[in-house]
Amino acid sequence: MLRTIRLDPSDTVVFERAAEPGEPAVVGGFMFWDVDPETLTGRARQAFRAGFLGVESFGWSTLATVGRASAEERAAAVEALAAAIRERFGAPSLAAAREAAEEELAYAEGLCEGHAPGTLIALSRSLEAGAIRERFRTLKPRGAPQSLPVIGIVRSEGEPEAAEPVDLVALMKGGR
């Protein structure tokens, strides 16, 4: 299961609501299905560009980590996500919302396949030719333990994407 992680306090600055560390996470692209990404600014834009969605808080996390989950934890994550999908997006029934929640969690679990617990997953989301595109990178600690984690990219899916600078001061002030 993907779980949110907070390596430093930046998520509390760059997102309107930061996910709590350790909660189940999904990719969260469905949050932007009825939004024109070109109109997003500030913290909403940052969530679009690089946010995993925490299932319990509906907050955002820049990184997710590969973690373990019991059957009970997974079932609770499905129920929490289904309830939110029904309430926030008006799913026609709880059964339909559960089906959507199952699909979201299964997709997130697929990102964990072949990776050891503790592997970090980063997300880059963009709008290309009118479609939302998501790219994922896996990150693992490299070298000997240090006082600050040193991360190296060990696998990248998709083509490299030009980084768009993030102005943390403007985000704190509600800007772009």
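Read the figures in this text as sums done on the coordinates, not as results from a lab. Please read these numbers as outputs of a predicted model, since none were measured by experiment. Note that each Cβ is placed from the backbone with ideal geometry, even for glycine, and that neighbours are counted across all protein chains shown.
Annotations
- Modelled spin-label separation between E72 and T12, with each label point placed 7 Å from Cα along the Cα-to-Cβ direction: 3.0 nm.
- Cut-off 16 Å (backbone N to label point 7 Å along Cα→Cβ of E38), residues of the stretch 94-134: 126-133
- Cα gyration tensor shape for the stretch 19-141, rounded if a/c is under 1.5, else prolate or oblate: oblate
- Of the peptides 89-99, 127-137, the ranking by mean beta-carbon count within 10 Å, highest at the top, reads 89-99, 127-137.
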